[in-house]
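What follows is calculated from the coordinates using simple rules that are stated; it is not laboratory data. All figures in this text were calculated on a predicted structure; none of them were measured in a lab. With ideal geometry, Cβ positions are generated from the backbone for all residues, glycine too; neighbour counts draw on all protein chains shown.
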There are 2 protein chains.
Amino acid sequence: MRIVALAGGIGGARFLRGLKAAVAPGDEITVIGNTGDDIHLYGLKVCPDLDTVMYTLGGGIHEEQGWGRADETWSIKAEMKEYGIGPEWFGLGDRDFATHLVRSQMLTADYSLSQVTEALCVRWKPGVRLLPMSDDRVETHVKITDEAGTRAVHFQEYWVKLHAALDAEAIIPVGADTAKPAPGVLDAIASADVILFPPSNPVVSIGTILAVPGIREAVAAADAPVIGLSPIIGGAPVRGMADKVLAAVGVETTAAAVARHYGRKGAPGDGGRGVGLLDGWLVDTADADAVADVEADGITCRAIPLLMTDVEATAAMARAALELAEQVRR
Amino acid sequence: MRIVALAGGIGGARFLRGLKAAVAPGDEITVIGNTGDDIHLYGLKVCPDLDTVMYTLGGGIHEEQGWGRADETWSIKAEMKEYGIGPEWFGLGDRDFATHLVRSQMLTADYSLSQVTEALCVRWKPGVRLLPMSDDRVETHVKITDEAGTRAVHFQEYWVKLHAALDAEAIIPVGADTAKPAPGVLDAIASADVILFPPSNPVVSIGTILAVPGIREAVAAADAPVIGLSPIIGGAPVRGMADKVLAAVGVETTAAAVARHYGRKGAPGDGGRGVGLLDGWLVDTADADAVADVEADGITCRAIPLLMTDVEATAAMARAALELAEQVRR
């Protein structure tokens, strides 16, 4: 079976680890990773979401933190502070820096981000095929208003420096409108047997991937069932500050509202949202009330435990998603 | 008093520390640093000699090693090995990497190496004005013959990887012929009260600096006395493998031969060596026999202890050099 999953950072990576534990030998997993979080720091290209997936599946992640490397050292960060060179709010450890150095050197030598990602995965052996959503530069910016006025800041500045404490007035995936899907992305979607939306951020992770022209349309047109898992449990994000960016796109922080935001597969888009995508949707047992609402929208819905407390609990979520795919398969 | 010193790496930096201890308050030291050792690694510009001077005078050097940073960590090197990306033979610690990241980012933003060096020195406060010999790229290559045939390798490959175990057939400062002295270099030489050649490598350190068109001529034309200190004691280099590169330019490994290689100030060059440079030359007491030979060439010579065993011993060497300058001042 060929499984395609769209993924952001920490939540996506943890779900993928459960998915790997859930699938049968011979099943192939292709991950389309968000690159809208990418940022240039110290002259290097940093791809936080791709790296989180790679490190998590390759056994190098800092488990408690969810991002960055295990057994990390912080000499460069200390030196940068001595040199007075920022940003201090973005934590890049020394081991992590090595990845960005290798990536940046290859990009400078005119390899594409896809090729670089493949090369990095030769070491990490994540057990999935990891594709960036695009080889073109896309950077998510967030419109905010503070005492300095209204302006757009890089997503990382909004998320990591400002802790999403200000309202996000708009989410702007800069460059997405002219970006092309990376080689292999559209083929993987078209030939998939199942397409999964992990409980990643629906706006700045999955939403950014879908903003690359051609990807949303390919998912909507795919023969494969499309199954999503709610990142919202009991009216709040499981982790992170997804409520802030959901509000920016006019979506309530509920499991049902996020399903409606993705839309029923093939349903005409409204409000600039594009064609609908979901065949099935999993909500947490705490949101069992939402099942009827979601099904009223034409999306098959089940309530199961959705807390990724450990790999086994996460694998159970993945199995439920694959089972739901079989139930809705046309 | 304005003192100008040409300097390579470890030997030059240690001499400069003694010089700083020897001078009077208000004296100004300008260091013209060799950049022929520079190398591009992992997409970054590495300037080993400038950094050794900066770290040594700024209090950040690894004392025993003589190069690199104190309290260093080696996470990136370990990661590069995991990624299979070399060279493994060149040791760049994590703290050191921070310097190369800052430098490379500024160079990419079109600052000159002079400007970058000045910016780095804002942190390191070396107590001297540190100028690269040139803002243009110069890379010393060494011609060798091994089982793969005759070829030129980067100086660092010859020195660090091959430990100078093969004969150096020629020393080629690639790019030197079209390089220009960095801003301030010629002015510093012209307005100096004393010019010093520390006991750095006469070929690949001082020799490379002098290979930048205009610098040798400016030293030869300077009003200031030019005093050198022999890096050869008792027929062998004090440290390093200077005998290998001296042989490549047809110079014996003796204190007298190195003085003759630099030449008496204003003496016409022969064998492609260019105009002569020295007013005075200091040899070690072990080489007292050489004094008469050197003076026969018209260079005032004294024998004093030349081992830089500690800062005080080194300061005594610097004081002797400054005293000799007064004796030969015209």
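Lysines within cross-link reach of B:Lys180: Cα-Cα under 16 Å, excluding same-chain residues under 8 positions apart?
Filter leaves no residues.
Relative contact order for region B:186-330 using alpha-carbon pairs under 8 Å, separation at least 6, rounded to a whole percent? Can you show the working numbers first?
Values: 261 pairs, mean separation 32.4, N = 145.
Result for region B:186-330 is 22 percent.
Find every distance from the label point of B:Glu28 to the corresponding label point in the other copies (7 Å from Cα along Cα→Cβ) and write them in nm, one decimal, shortest first.
7.0
Compute, for region B:163-243, the length of the dipole vector about the Cα centre, with Cβ point charges of +1 (Lys, Arg) and -1 (Asp, Glu) only. Units Debye, rounded to 20.
Details: 3 positive and 8 negative charges, 29 e Å.
I would put it at about 140 debye.
If each DSSP helix of 4+ residues adds -39,500 (n - 2.57) and the sum is divided by the residues in chain A, what number results at 222 nm, nearest 500 deg cm²/dmol?
Working: 12 runs with 118 residues, N = 330.
Value at 222 nm, helices only: -10500 deg cm²/dmol.
Taking the number of other C-beta atoms within 10 Å as the exposure measure, put B:Ser114, A:Ser134 in order starting with the fewest. Provide the component values of the computation, followed by the final result.
Details: B:Ser114 17, A:Ser134 30.
The most exposed by this proxy come first: B:Ser114, A:Ser134.
May I ask for the distance between the Cα centers of region A:12-85 and region B:31-71, given as a whole number of Å?
Region A:12-85 and region B:31-71 have Cα centres separated by 32 Å.
Looking at region A:115-200, which GluC sites (Glu not before Pro) are in a loop (DSSP not H, G, I, E or B) and have at most 10 other Cβ atoms within 10 Å?
On the way: sites: A:Glu118, A:Glu139, A:Glu147, A:Glu157, A:Glu169; in loops: A:Glu147, A:Glu169.
Answer by residue number: A:Glu147.
What FRET efficiency comes out for the pair B:Lys81/B:His40, r = Cβ-Cβ distance, R0 = 25 Å, nearest 0.05?
Details: r = 19 Å, r/R0 = 0.78.
Efficiency computed from Cβ-Cβ geometry: 0.80.
If you consider only alpha-carbon coordinates, what radius of gyration and Dmax does region B:87-194 have, in Å?
17.0, 50
Where both partners of a DSSP beta bridge lie in region B:1-92, what percent of those bridges are antiparallel, to the nearest 5? If you can, show how the numbers build up before the last one.
Details: 4 of 10 bridges.
Antiparallel bridges make up about 40 percent of those DSSP assigns within region B:1-92.
Quick one: A:Ser75, B:Ser200, fewest Cβ neighbours within 10 Å first, how do they rank?
Numbers: A:Ser75 23, B:Ser200 30.
Listing A:Ser75, B:Ser200 from fewest to most nearby Cβ atoms yields A:Ser75, B:Ser200.
Determine the shielding of peptide A:37-45 by partner chains: average, over its residues, the number of Cβ atoms on other chains within 10 angstrom of each Cβ.
Values: counts 0, 0, 0, 1, 2, 6, 11, 5, 0.
Mean shielding count: 3.
If every alpha-carbon in chain B counts as one equal scatterer, what log10 I(q)/I(0) does Debye give at q = 0.06 1/Å?
Taken in order of the listed q values, log10 I(q)/I(0) reads -0.19.
Above 26 angstrom, tally the Cα pairs of region A:132-244 and express them as a % of all pairs, no decimals. Intermediate values should be presented prior to the final figure.
Numbers: 1737 of 6328 pairs.
Considering region A:132-244, 27 percent of its Cα-Cα pairs are separated by more than 26 Å.
Hand me the chymotrypsin sites (Phe, Trp or Tyr not before Pro) from region B:56-111 located in a DSSP loop with no more than 11 other Cβ atoms within 10 Å, in residue order please. Intermediate values should be presented prior to the final figure.
On the way: sites: B:Trp67, B:Trp74, B:Tyr83, B:Trp89, B:Phe90, B:Phe97, B:Tyr111; in loops: B:Trp67, B:Trp74, B:Trp89, B:Phe90, B:Tyr111.
For chymotrypsin sites (Phe, Trp or Tyr not before Pro) across region B:56-111 that sit outside H, G, I, E and B with at most 11 neighbouring Cβ atoms in 10 Å, the list reads B:Trp89.
Any chance you could check the Cα centroid distance between region A:134-192 and region B:203-218 for me, in angstrom?
Cα centroid to Cα centroid, the span is 52 Å.
Just to confirm my numbers, what's the Cα centroid distance between region B:117-131 and region B:278-295 in Å?
Centre-to-centre (Cα) distance: 34 Å.
To the nearest 20 debye, what charge dipole does chain B have about its Cα centre, counting +1 at the Cβ of each Lys and Arg and -1 at the Cβ of each Asp and Glu?
Values: 29 positive and 44 negative charges, 106 e Å.
Rounded to the nearest 20 debye, it is 500 debye.
Under the rule a/c < 1.5 gives rounded, and otherwise a/b versus b/c splits prolate from oblate, where does region B:163-213 land using the Cα gyration tensor? Could the numbers behind the result be given before it?
Values: a/c = 4.04, a/b = 1.65, b/c = 2.45.
Oblate, since a/c reaches 1.5 and b/c is not below a/b.
Which three extents, in angstrom, do the Cα atoms of region A:33-166 have along their principal axes, listed largest first?
Sorted from largest, the Cα extents of region A:33-166 read 47, 32, 31 Å.
Over all distinct Cα pairs, what is the inverse of the mean 1/r for region A:12-97, reported as the Kirkwood hydrodynamic radius in Å?
Details: mean 1/r = 0.0693 Å⁻¹.
It is 14.4 Å.
Amide H of B:Ile233 versus every other amide H placed in the peptide plane: which residues, excluding those fewer than 5 positions away on the same chain, fall under 5 Å?
Long-range HN contacts for B:Ile233: B:Val238.
Averaged over peptide A:95-107, how many Cβ atoms belonging to another chain are found within 10 Å of each residue's Cβ? Kindly include the intermediate steps, with their values, before the conclusion.
Working: counts 6, 3, 8, 13, 3, 1, 12, 8, 1, 4, 6, 2, 1.
Across the residues of A:95-107, the mean count of other-chain Cβ atoms within 10 Å is 5.
What trypsin sites (Lys or Arg not before Pro) in region A:190-286 are in a loop by DSSP, with at most 15 other Cβ atoms within 10 Å of the Cβ? Let's see the in-between values first.
Working: sites: A:Arg216, A:Arg239, A:Lys244, A:Arg260, A:Arg264, A:Lys265, A:Arg273; in loops: A:Arg239, A:Lys265, A:Arg273.
Here the sparse-neighbourhood loop sites are A:Arg239.
Among A:Ala148, A:Ala109, A:Ala170, which one shows the highest mean-square fluctuation when chain A is modelled as a Gaussian network with alpha-carbon springs under 10 Å?
Evaluated over chain A, the most mobile residue of the options is A:Ala148.
Holding the Cα-Cα limit at 20 Å, pick out from A:Lys45/B:Lys161; B:Lys161/B:Lys244; B:Lys77/B:Lys125; B:Lys81/B:Lys161 the pairs that are longer than that.
Numbers: A:Lys45/B:Lys161 30 Å; B:Lys161/B:Lys244 15 Å; B:Lys77/B:Lys125 28 Å; B:Lys81/B:Lys161 16 Å.
Long pairs (Cα-Cα over 20 Å): A:Lys45/B:Lys161; B:Lys77/B:Lys125.
Which far-off residues, 5 or more places away or on another chain, put their amide H under 5 Å from the one on B:Gly276, with H placed in the peptide plane?
HN-HN under 5 Å from B:Gly276: B:Gly266, B:Ala267, B:Gly269.
Can you give me the convex hull volume of the Cα atoms of region B:232-316, divided per residue and expressed in Å³? Before the final figure, lay out each step's value.
Details: hull volume 7.9 nm³, N = 85.
That works out to 93 Å³ per residue.
What's the long-distance tail for the protein assembly as shown, i.e. % of Cα pairs beyond 36 Å? List each step's numbers first, then the result.
Working: 108361 of 217470 pairs.
When all Cα pairs of the protein assembly as shown are counted, 50 percent exceed 36 Å.
Which percent, nearest 5, of DSSP beta bridges in the protein assembly as shown are antiparallel?
The answer is about 40 percent antiparallel.
Can you give me the long-range amide H partners of B:Glu252? Hydrogens built in the peptide plane at 1.01 Å from N, cutoff under 5 Å, separation of 5 or more residues or another chain.
Correct list: empty.
Considering chain B as a Gaussian network with a 10 Å cut-off on Cα pairs, which listed residue, B:Leu101, B:Leu282, B:Leu57, attains the greatest mean-square fluctuation?
In the Gaussian network model the winner is B:Leu101.
Work from the charge dipole of chain A (Cβ charges, +1 for Lys and Arg, -1 for Asp and Glu, about the Cα centre) and give the residue of A:Ile233, A:Val4, A:Ser191 farthest towards its positive end.
Positive-end residue among those listed: A:Ser191.
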